[in-house]
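Undergrad: Before we start, here is the structure in question, set down as structure tokens.
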Amino acid sequence: AVLILLGPPGAGKGTQARRLEEKFGLVQLSTGDMLRAAVAAGTDAGKAAKTVMDAGELVSDEIVINILRDRLKEEDVAKGAILDGFPRTTVQAEALDGLLAENGQSVNAAIAMEVDDAAMVERISGRYTCAGCGEGYHDSFKQPAAEGVCDNCGSTEFKRRADDKAETVGARLEAYHAQTAPLIAYYDEKGQLSRVDAMGDIDAITAKMTEMVESAI
Ligand code: AP5
Ligand code: ZN
């Protein structure tokens, strides 16, 4: 199965993708994580992406589609994927349909996570992740059970993203509304869209999304 999580920065795409990945045995594919890995590795794509990401704008379709095309060729994706942060433009959505068709796959469902913009600034500026396993945390909403120790892997190192500064979050929200929000209509017209209110409790949202996925796959 192939699922798409649509939603603005901070909507909880990464948080929910990690939970659904475990529940359904699918692979989380985050183009944001892939781009950050390319930046860290210093590849040509990473160098081109870094300035754009730091400004809160979208990286070119060409770079992102190439990264995703390579990832989709890897064996583990055959069991199905949860796309988190891709597609983000109509060009990417059309490219995705073509790439999946090459593997005999297609989109089962696109879930639009609906949230208030104002709350996103708070969610994003308080966010940090475990450096060991990538588990997500938040200064006010989700702290490790033991202070400074990851619940999941026991690591004591955490990191914050360079683009999570309050001034960059505004640009990221703007890019979302201008370039990505039109995909809600794109998937609605194809009959593949479900909407979820993503403002509540994280576990309650996982429960609602689990039901949606069960009926879509
Ligand atoms: P990307 O890494 O995709 O970031 P994003 O879309 O901005 O999304 P986030 O990771 O910020 O948020 P999320 O929805 O995953 O929320 P999370 O679960 O972490 O992209 C980064 C950049 O890369 C882009 O700006 C662009 O430049 C580039 N890029 C990536 N893909 C691209 C593409 N396809 N095309 C072009 N450019 C691309 O949750 C946020 C916080 O809130 C966490 O702390 C979490 O614990 C907390 N939280 C989650 N749910 C709740 C809840 N229900 N209640 C309270 N707190 C919650
Ligand atoms: Zn960890």
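Undergrad: Ranked by Cβ crowding within 10 angstrom, fewest neighbours first, how are S155, S140, S194 ordered?
TA: Ordered by Cβ neighbours within 10 Å, fewest first: S140, S155, S194.
Undergrad: Where does the Debye-calculated log10 I(q)/I(0) of the chain sit at q = 0.08, 0.15 Å⁻¹, using only Cα point scatterers of equal weight, no solvent?
TA: Reported log10 I(q)/I(0), two decimals: -0.26, -1.03.
Undergrad: Something else about it: For segment 67-168, take every pair of Cα atoms, bin their distances at 10 Å starting from 0, and report each bin as a whole percent.
TA: That works out to 12, 31, 30, 25, 2, in percent per bin.
Undergrad: Report, by chain and number, residues whose modeled amide H sits under 5 Å from the one on F158, excluding near sequence neighbours (fewer than 5 apart, same chain).
TA: For F158, the qualifying residues are A131.
Undergrad: What net charge is computed for the residues neighbouring C130, neighbours being all others with C-beta under 10 Å from the C-beta of C130, Lys and Arg scored +1, Asp and Glu -1? Before the final figure, lay out the partial values.
TA: Details: positive: K159; negative: E135, D151, E157.
After counting each charged neighbour, the total is -2.
Undergrad: To the nearest 500 deg cm²/dmol, what mean residue ellipticity at 222 nm is calculated for the chain from DSSP H runs of n ≥ 4 alone, each contributing -39,500 (n - 2.57), summed and divided by the residues?
TA: When only DSSP H runs of four or more count, the value is -14000 deg cm²/dmol.
Undergrad: Can you quote the Å³ per residue value for the convex hull of the Cα atoms in segment 8-98, rounded to an integer?
TA: Output value, Cα hull per residue: 104 Å³.
Undergrad: Next question, about the same structure. Considering only DSSP states other than H, G, I, E and B, which GluC sites (Glu not before Pro) in segment 128-173 qualify as loop sites with at most 14 other Cβ atoms within 10 Å?
TA: E147, E157
Undergrad: Along the charge dipole of segment 152-217, Cβ charges K/R +1 and D/E -1, which of A216, A185, A166 sits furthest on the positive end?
TA: Most positive-ward Cα: A166.
Undergrad: Assuming a viscosity of 1.567 mPa s and a temperature of 4 °C, what translational diffusion coefficient in µm² per second does Stokes-Einstein assign to segment 71-129, Rh being the Kirkwood radius over Cα pairs? Let's see the in-between values first.
TA: Values: Rh = 13.9 Å.
Roughly 93 µm²/s, to the nearest whole number.
Where a number appears in this text, it was derived from the coordinates with a stated rule and is not lab data. Predicted model, so just to flag it, every value in this text is computed and none were measured. No Cβ is skipped: glycine too gets one built from the backbone with ideal geometry, and neighbour counts run over all protein chains shown.
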